[in-house]
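J.: I'd like to ask some things about the structure below.
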Amino acid sequence: MTSSHGAGRGAQQRGDEREPVSVERSNEANSKWLDAHYDPVANLYTFSSCTALVDLHRDGEVKLVVGDLGTGLYNMKLKVYKGTSLMTENALLDLPTGVVTFLMDQNEPRTPAVAVASGPYIYVYKNLRPYFKFTLPALDVNLLEQDVWNQARQDMIDPMTLKEMLEGIRDKADIPLSVRSLRFLMLEQEEMESFVNLHKHHPIKRQTVITCMGTLKKNMADEDAVSCLVIGTENAEVLIIDPEAFTILSKMSLPSVPAFLDVIGQYDVEFRITLACRNGSLYVLRRDSKRPKYCIELSSQPVGLVRVQKNIVVGCSEETLHAYTQKGKKLWTVYLPASITTMSLLDQKSRGFQAVMVGLANLEVHLYRDKNLLNIIRTPDVVTSVCFGRYGREDNTLIMTTKGGGLIIKILKRTAVFEEKDTSPGPPLAQGVKLSVPKKTKLYVDQTLRERENAVAMHRIFQADLYRLRLMASRAYVKALEGSVAPVSSVQQEPLQMNAVVQGIGPKFKLTLNIQNTSVNRPSIHLLISFLYDEHLYSMKNSFFKVPLLVPGLNYPIETFVDCLSDKGISDLIKVFVLREGKSAPLLTAHINMPVSEGLAAA
Amino acid sequence: MGFFDKLTGWLGLKKKEVHLLCLGLDNSGKTTIINKLKPSNAQAQDIVPTIGFSVEKFKTSSLLFTVFDMSGQGRYRNLWEHYYKEGQAIIFVTDSSDKLRMIVAKEELETLLNHPDIKHRRIPILFFANKMDLRDALSSVKVSQLLSLENIKDKPWHICASNGLTGDGLQEGVDWLQDQIQVMKT
């Protein structure tokens with residue numbers, strides 16, 4: 001707790017010159033997060049270890065339970081948020097060091113209890129009412145110290161002698177002094193007399209305090225199974241406490257004071273407790289071992305501990321993130337752009353996705369899956385606590401509190417998927433993948449050989465054919481132009497355009513010719529239209545008529561009727577010529593493919 | 001439409017059928033509202049969270065509505081888009097007291113409006129700012145602000161404050177919807 005606090009305060013002014021480039025920033029329009037709520041003055045000062053998301057009333061609406069540190073001296077509170085607003089608050093007597101929620105019994109309704117660790121006590125709340133107070137067992141008192149205080153009570157020694165004797169004990173004895181004696185030694189001479197008179201009648205006690213707290217399922221792995229409390233204490237011990245009787249089930253000792261802990265497993269089956277301690281080491285405790293099973297020595301002080309599946313991810317005060325297996329094998333290290341303020345797990349249950357969220361002092365929250373940076377969230381203030389899970393009725397909600405007491409709530413978009421991008425420098429992953437090239441067939445080899453031997457001949461044949469094709473195409477084009485068989489007239493004096501439409505199912509068809517003068521300002525006069533067709537198949541009332549004056553740009557539909565004489569279901573071509581008076585060569589020609597007459601031939 | 005159909009239509013004997021989509025986040029009150037719109041003898045007593053979707057029918061003075069009451073739970077929201085094509089009108093229900101998730105409702109609404117099956121159709125959208133009876137409920141004006149409804153320019157829309165439990169405000173919304181559908185049909 002204290003080391004996390006220190007890191008949060010200490011690392012403000014670091015620059016952010018080492019920022020990775022290719023990672024999506026949260027303030028972009030295509031962010032994966034929706035900004036649901038931001039209250040910069042929520043007056044909420046807390047750490048990740050003091051926040052919990054829980055369905056307190058079993059109504060499907062998950063609430064946020066926060067142990068608020070207040071100013072650090074006053075206004076410590078247990079706050080419960082519902083949606084965007086504060087629902088209830090209970091005053092706390094001392095600074096909270098951990099808040100967890102757990103089911104303490106099988107009784108219906110199965111409302112979870114809230115445990116708040118504070119000083120040497122665990123306060124248990126049920127339905128947000130105080131339910132039980134657990135006190136850590138008192139430690140052995142130094143007999144010499146007790147003797148000295150007894151003498152003081154009987155006024156056999158004055159405060160100055162008391163002070164000298166206590167100092168002697170402090171320097172030599174194995175068992176440290178009680179809090180009262182230490183406080184006494186700090187006092188100025190004039191205050192001593194009244195302090196002794198006030199306290200000398202009470203027996204001295206020595207008590208430890210709780211540094212961190214977690215939960216451990218008792219005998220079932222279900223979501224709603226009964227859990228034990230696991231606490232780490234200032235005298236370097238780990239206690240497991242029964243949730244119903246509040247007795248100490250197990251007691252284990254460590255070489256140093258634990259600051260963070262993580263628990264996996266079940267008490268009655270097998271469990272592992274991972275502890276990050278103030279001496280800069282990680283210890284792993286297992287069932288039936290009174291001493292740590294594994295020890296991992298870190299290069300600097302731990303400031304956060306998260307377990308992702310079976311791996312341990314630990315944040316260090318030298319701006320690094322390390323990952324270890326359960327047995328202490330190092331997996332990777334990531335160097336961060338700023339010092340860590342808080343860490344938490346992002347567990348997206350619907351996709352089975354887990355990643356580590358790291359709050360940094362440069363106003364960012366980074367999301368790491370393994371060593372890959374997946375997402376960066378920019379925050380308006382330094383984040384001191386991060387918590388991800390179901391809140392209200394929304395599954396993937398991210399709740400952050402800031403150093404200035406703000407509350408930020410973001411919701412992960414339903415469609416958002418975190419892409420596994422390797423942002424570490426080096427060749428891309430695809431470079432290492434081998435392509436599966438199929439074997440060469442005999443046909444392929446023969447063909448290649450033939451092409452290689454006869455390359456020149458093959459090329460010449462191809463070129464000759466290509467020239468011939470081009471020649472034929474241009475001849476046909478010239479012929480069409482000369483005979484004016486195209487439906488567009490290319491003659492400069494009479495630029496005309498025509499298309500023909502056949503309507504009807506037969507035997508009578510309606511033929512519509514759309515003629516347009518495409519010149520800019522020259523009207524066309526003295527034009528004639530003539531039809532050419534097989535007279536055994538079709539008959540037309542007049543197959544030759546005059547075209548009226550064509551005003552430039554307008555479309556002239558000219559209609560005429562054709563009768564099909566055959567009932568044998570055959571059809572033919574009708575040619576349309578547009579002619580100029582006194583000239584036999586047509587200006588333009590259209591070929592109309594007549595449809596088969598589907599009606600009966602005219603009687 | 002045949003002559004007989006037209007005649008019965010004029011006489012009000014046969015009603016036009018309209019397919020309606022009822023959308024919105026989970027726990028916003030979609031099923032409760034649809035239930036309240038049904039005739040009183042067909043109403044269900046217990047409303048449970050909808051799984052997938054359910055099809056309901058109810059009548060107004062001139063229309064017969066077939067409602068696809070979609071589930072609003074996150075994992076079922078990807079089903080919505082499969083019904084956009086056949087929907088001729090949309091009811092979008094929001095929980096006015098859930099300020100936290102108003103942004104989620106807005107996001108889902110934007111996805112809906114930008115879907116190719118909806119984007120270029122002029123279909124009426126009726127918004128219910130539901131749960132008006134709750135103490136911390138936002139007003140319908142505030143809800144329309146938070147959902148940025150003023151940005152919907154190419155579709156007729158209307159928002160009413162409602163209370164799905166008592167049925168307050170529902171009739172106003174359905175009347176508007178009926179008018180819109182009749183304007184569109186003629």
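Laboratory data are not the source of any read-out in this text; all were calculated from the coordinates shown. These numbers were taken from a predicted model, which means no experiment stands behind them. All Cβ positions, even for glycine, are placed from backbone atoms using ideal geometry, and neighbour counts span all protein chains on display.
J.: Compute the acute angle (0 to 90°) between the alpha-carbon long axis of helix A:189-199 and the principal axis of greatest extent of the alpha-carbon atoms of chain A; round to the nearest 10°.
T.: Taking Cα atoms only, the helix is inclined about 90 degrees.
J.: First measure r as the distance between the Cβ atoms of A:Arg351 and A:Lys126, then evaluate 1/(1 + (r/R0)^6) with R0 = 30 Å and state the FRET efficiency to the nearest 0.05. Present the calculation step by step, with values, prior to reporting the outcome.
T.: Values: r = 34 Å, r/R0 = 1.13.
About 0.35, to the nearest 0.05.
J.: Determine the gain in length on full extension of the stretch A:Asp140-A:Ser253; use 0.36 nm per residue of separation and subtract their C-alpha separation, reporting nm with one decimal. Write down the numbers at each step before the final one.
T.: Working: separation 113, 0.36 × 113 = 40.68 nm, distance 1.59 nm.
My answer for the length gained is 39.1 nm.
J.: Shifting gears a bit: Looking at A:Asn454, B:Gly74, A:Phe132, which one has the Cα that reaches farthest to the positive end of the dipole of the protein assembly as shown (charges on Cβ: Lys, Arg +1; Asp, Glu -1)?
T.: Going by the charge dipole, the pick is A:Asn454.
J.: Mind putting a number on the dipole of chain A about its Cα centre? Charges go on the C-beta only, +1 for Lys and Arg and -1 for Asp and Glu, and I need it in Debye to the nearest 20. Before the final figure, lay out the partial values.
T.: Values: 70 positive and 65 negative charges, 469 e Å.
Here chain A has a charge dipole of around 2260 debye.
J.: Would you mind calculating the gained length between A:Ala480 and A:Val520 on full extension (0.36 nm times residue separation, minus the Cα-Cα distance), in nm to one decimal? Write out the running numbers ahead of the final one.
T.: Values: separation 40, 0.36 × 40 = 14.40 nm, distance 2.51 nm.
Result: 11.9 nm gained on full extension.
J.: How large is Rg over Rh for the stretch A:143-199, taking Rg from the Cα atoms and Rh as the Kirkwood inverse mean of 1/r across Cα pairs? Don't jump to the answer; show the numbers that get you there.
T.: On the way: Rg = 10.4 Å, Rh = 11.3 Å.
On the Cα set of the stretch A:143-199, Rg over Rh gives 0.92.
J.: Can you give the mean number of other chain Cβ atoms that lie within 10 Å of the Cβ atoms in peptide A:400-412? Numbers along the way, then the final one.
T.: On the way: counts 0, 0, 0, 0, 0, 0, 0, 0, 0, 2, 1, 5, 0.
If you average over the peptide's residues, the count of other-chain Cβ atoms is 1.
J.: Across all directions of projection, what mean area in square nanometres is found for the Cα convex hull of the protein assembly as shown? Mind showing how you got there, number by number?
T.: On the way: hull surface 244.7 nm².
Taking the Cα atoms of the protein assembly as shown, their convex hull projects to 61.2 nm² on average.
J.: If you don't mind, another one. Can you pull the mean other chain C-beta count within 10 Å for peptide B:19-28?
T.: Working: counts 0, 0, 0, 0, 0, 0, 2, 3, 4, 1.
Across B:19-28, the average partner-chain Cβ count within 10 Å equals 1.
J.: What FRET efficiency comes out for A:Asp288 versus A:Asp222 if R0 is 22 angstrom and r is the Cβ-Cβ distance? Round to the nearest 0.05.
T.: 0.40
J.: Follow-up question, since we're still on this one. Net charge near A:Met76, counting Lys/Arg +1 and Asp/Glu -1 over other residues with Cβ under 12 Å of its Cβ? Mind dumping the intermediate values first?
T.: Details: positive: A:Lys77, A:Lys79; negative: A:Asp68, A:Glu89, A:Asp94.
Net of charged neighbours comes to -1.
J.: Please state, to two decimals, what the Cα-based radius of gyration of the stretch B:29-185 comes to when divided by 2.2 N^0.38 Å (N = residues). The partial results should precede the final answer.
T.: Working: Rg = 14.8 Å, N = 157, 2.2 N^0.38 = 15.0 Å.
Expressed relative to 2.2 N^0.38 Å, the Cα Rg reads 0.98.
J.: Could I ask something else about it? With a point put 7 Å past each Cα toward its Cβ, work out how far A:Phe195 is from A:Cys295 in nm, to one decimal.
T.: Distance between label points: 3.6 nm.
J.: With an 8 Å cut-off on Cα pairs and a minimum separation of 6 or more residues, tell me the relative contact order of chain A in percent. List each step's numbers first, then the result.
T.: Values: 1317 pairs, mean separation 67.3, N = 603.
Relative contact order for chain A comes out at 11 percent.
J.: Do any trypsin sites (Lys or Arg not before Pro) in the stretch A:491-565 lie in a DSSP loop with no more than 14 other beta carbon atoms within 10 Å, and if so, which? Could you put the intermediate results ahead of the total?
T.: On the way: sites: A:Lys508, A:Lys510, A:Lys541, A:Lys546; in loops: A:Lys541.
Answer in residue order: A:Lys541.
J.: Shielding of B:97-109 by partners, i.e. mean partner chain Cβ atoms within 10 Å per residue?
T.: Values: counts 1, 6, 6, 14, 10, 4, 10, 9, 0, 1, 5, 2, 0.
If you average over the peptide's residues, the count of other-chain Cβ atoms is 5.
J.: Can you grab the distance from the C-alpha centre of the stretch A:83-158 to the C-alpha centre of the stretch B:93-118, Å, no decimals?
T.: After rounding, the separation between the Cα centres reads 46 Å.
J.: Taking the 0 to 90 degree range and rounding to the nearest ten, how far is the long axis of helix A:455-482 tilted relative to the main principal axis of chain A, both from C-alpha atoms?
T.: 50
J.: Further question on the same structure: Using the per-residue mean of other Cβ atoms lying within 10 Å as a proxy for protection, in what order, highest first, do the peptides B:96-105, A:129-138 fall? Could you put the intermediate results ahead of the total?
T.: Details: B:96-105: 22.8, A:129-138: 13.0.
By packing density, highest mean first, the sequence is B:96-105, A:129-138.
J.: For the pairs A:Lys32/B:Lys119; A:Lys251/A:Lys330; B:Lys16/B:Lys106; A:Lys200/A:Lys251, note any where the Cα-Cα span goes beyond 25 Å.
T.: Values: A:Lys32/B:Lys119 23 Å; A:Lys251/A:Lys330 28 Å; B:Lys16/B:Lys106 32 Å; A:Lys200/A:Lys251 33 Å.
Long pairs (Cα-Cα over 25 Å): A:Lys251/A:Lys330; B:Lys16/B:Lys106; A:Lys200/A:Lys251.
J.: Can you tell which of A:Gly67, B:Ile159, A:Gly432 lies farthest toward the positive end of the dipole of the protein assembly as shown, using +1 and -1 charges on the Cβ of basic and acidic side chains (Lys, Arg; Asp, Glu)?
T.: It is A:Gly432, whose Cα lies furthest towards the positive end.
J.: When the expected Rg is taken as 2.2 N^0.38 Å, what fraction or multiple of it is the alpha-carbon Rg of the stretch A:153-292? Present the calculation step by step, with values, prior to reporting the outcome.
T.: Values: Rg = 20.4 Å, N = 140, 2.2 N^0.38 = 14.4 Å.
Compared with the compact-globule rule of thumb, the stretch A:153-292 sits at 1.41.
J.: Based on the Kirkwood radius over alpha-carbon pairs, what value in µm²/s does the Stokes-Einstein equation return for the translational diffusion coefficient of the stretch A:425-478 at 10 °C and 1.306 mPa s? The partial results should precede the final answer.
T.: Working: Rh = 15.8 Å.
Result for D is 101 µm²/s.
J.: With contacts defined as alpha carbon pairs under 8 Å and 6 or more residues apart, what's the relative contact order of the stretch A:496-593 in percent?
T.: Details: 215 pairs, mean separation 30.6, N = 98.
Here the relative contact order equals 31 percent.
J.: More than 20 Å apart: what percent of Cα pairs in the stretch A:427-568 qualify? Working shown, then result.
T.: Values: 7092 of 10011 pairs.
For the stretch A:427-568, the share of Cα pairs beyond 20 Å comes to 71 percent.
J.: Once R0 is set to 30 Å, what does the formula 1/(1 + (r/R0)^6) return for the Cβ-Cβ distance between A:Val417 and B:Ile51, expressed as a FRET efficiency to the nearest 0.05? Could the numbers behind the result be given before it?
T.: Values: r = 24 Å, r/R0 = 0.82.
So the FRET efficiency works out to roughly 0.75.
J.: Can you pull out the trypsin sites (Lys or Arg not before Pro) in the stretch B:135-186 whose DSSP state is coil and whose Cβ has at most 16 other Cβ atoms within 10 Å? The partial results should precede the final answer.
T.: Values: sites: B:Arg135, B:Lys142, B:Lys153, B:Lys185; in loops: B:Arg135, B:Lys153.
Taking the stretch B:135-186 and a limit of 16 other Cβ atoms within 10 Å, the loop trypsin sites (Lys or Arg not before Pro) found are B:Arg135, B:Lys153.
J.: Okay, moving on. In degrees, nearest 10, range 0 to 90: what is the angle between the Cα axis of helix A:143-153 and the longest Cα principal axis of chain A?
T.: In chain A, helix A:143-153 runs at an angle near 60 degrees to the longest axis.
J.: To continue, here is another question. Hey, how many Å between the Cα centroid of the stretch A:288-362 and the Cα centroid of the stretch A:214-250?
T.: 22
J.: Rounded to two decimals, what is Rg over Rh for the stretch A:25-105 when you use alpha-carbon atoms and the Kirkwood radius?
T.: We get a ratio of 1.03 for the stretch A:25-105.
J.: Cut-off 10 angstrom, C-alpha nodes, Gaussian network model of chain B. Which of B:Ile90, B:Ile123, B:Ile51 fluctuates the most?
T.: The residue with the greatest mean-square fluctuation here is B:Ile51.
J.: Under the rule of -39500 (n - 2.57) per DSSP H run of 4 or more residues, summed and divided by the residues of the protein assembly as shown, what mean residue ellipticity at 222 nm is obtained, to the nearest 500 deg cm²/dmol? List each step's numbers first, then the result.
T.: Numbers: 13 runs with 149 residues, N = 789.
Taking each H run of at least 4 residues, the total per residue is -6000 deg cm²/dmol.
J.: According to the Kirkwood expression over distinct Cα-Cα pairs, how big is the hydrodynamic radius of the stretch A:496-593, in Å?
T.: Working: mean 1/r = 0.0704 Å⁻¹.
About 14.2 Å for the stretch A:496-593.
J.: Mind ranking A:512-520, A:186-194 by how tightly packed they are, going by the mean number of other C-beta atoms within 10 angstrom, highest first? It would help to have the intermediate numbers written out before the result.
T.: Values: A:512-520: 16.6, A:186-194: 10.9.
Top to bottom by mean Cβ count within 10 Å: A:512-520, A:186-194.
J.: Let me ask something else. With label points built 7 Å along Cα→Cβ from the Cα atoms of A:Arg378 and A:Tyr335, find their separation and express it in nm.
T.: Calculated label separation equals 2.4 nm.
J.: Enumerate the residues in the stretch A:183-207 having an amide nitrogen under 20 Å from the point lying 7 Å beyond the Cα of A:Gln154 toward its Cβ.
T.: A:196-205
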